[in-house]
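Quick notes on the structure that follows.
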Amino acid sequence: MNPAYFVAVALHCANPDVLVLASADAPFASQSGFGAQVLGKYPPAKAIPEEGIHGTPLPGGDTLRLGKLPDPLDPGRKAFAFQLAPEDPKTSGSKRSEFAFAKNIEHGKVYWAAVSVFVYDWSKDFGPDERSTVGIQLHGGDNKLNLGPVFAVNTAGPRHLQVVIRSSNSGDHQTRSRRTLRASEQRIPFERWFDLVFKFRLSTGADGFLHAWMDGKRIAEHEGPLGYPTPGFKDYLKVGYYNWSRFDSPRKVLVRSPVVLLDPTGEKYKPDDLRALTKAPCS
């Protein structure tokens, strides 16, 4: 077996730099540091039913909105499932099926975030004005300000994804003080697992940055301000699926081994360390 696998298990299960992780191979009742947001409900990890959270039947009879499914490419493992239907009620103002991680991301420190994502092919049913976030986003800690994600992986039409990066250097958070950057579009590899890895440092100054990789390929490289000045609040990662537009058919995304890790030196880890980590079970 690849030695990186054993390194990843050690990282995943015992490394104090790991701030939050979630494993579909472990019972919800044994996990902490995150909670669900779906169908207007907000249960912490320990209170999520092992059979998942269900809604009205979809075409074909499926009712799962958030929970676990057998990994479609590795039936011996499980994956987190996030699904939305057009008729689902809104959660925090939009339709979403997500995990919200603990608020633990501070300005001035270097972090890594990683996740593996499996997207069921929606390209034939995707509307021309549809907009959604797939897999991962970094959310500002002060929810009352209603700021856009600091970074997110958003759809760019039916077959592409794009890293979106935001910042503001003003404490008034007015629209005119915000800056939004969009990285190059990447084609969605439907019906297979792909890895997303992020290395970042929040800052309103020149020392902020965000680097992102998809399956080991660099897809975003931003140097400069990242995030919002919100003293007294820490930011937090979210994983799953979030759609703030009109859509006419169900959308389902699977996620495997999401993790947030602090890099105390800024150079302790490499992207391949994080990719290996998403493939290592910790149950």
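The values are calculated or read from the model by the stated rules, or taken from the named source; none is laboratory data. Just so we're clear, the structure is a prediction, and the values are computed from it rather than from any experiment. All Cβ positions, glycine included, derive from the backbone under ideal geometry; neighbour counts span all protein chains shown.
Tabulated data
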quantity	calculated
Condition check for ALA24: among the aliphatic types (A, V, I, L, M) and crowded, with 22+ Cβ neighbours inside 10 Å	yes
Strands (runs of 3 or more DSSP E) (entirely within the stretch 154-266) containing at least 1 residues that are out of contact with any helix residue (DSSP H, G or I) (no Cβ under 8 Å at 6 or more places or on another chain) and surrounded by 20 or more Cβ atoms within 10 Å (Cβ to Cβ)	160-168, 193-201, 209-214, 217-223, 236-243, 251-263
Residues that are surrounded by 16 or more Cβ atoms within 10 Å (Cβ to Cβ) and closer than 17 Å to GLY240 by Cα, drawn from the stretch 104-129	ALA113, ALA114, VAL115, SER116, VAL117, PHE118, VAL119, TRP122
Matching residues, the stretch 65-92, being in contact with a strand residue (DSSP E or B) (Cβ under 7 Å, 6 or more places away or on another chain), modelled with pLDDT of 95 or more and among the small types (Gly, Ala, Ser)	GLY67, ALA79, ALA81
Selection from the stretch 189-219 of residues that are within 16 Å of the chain's Cα centre (by Cα) and among the small types (Gly, Ala, Ser)	ALA212
So LEU147, is it outside any strand (DSSP E or B) and closer than 30 Å to THR230 by Cα	yes
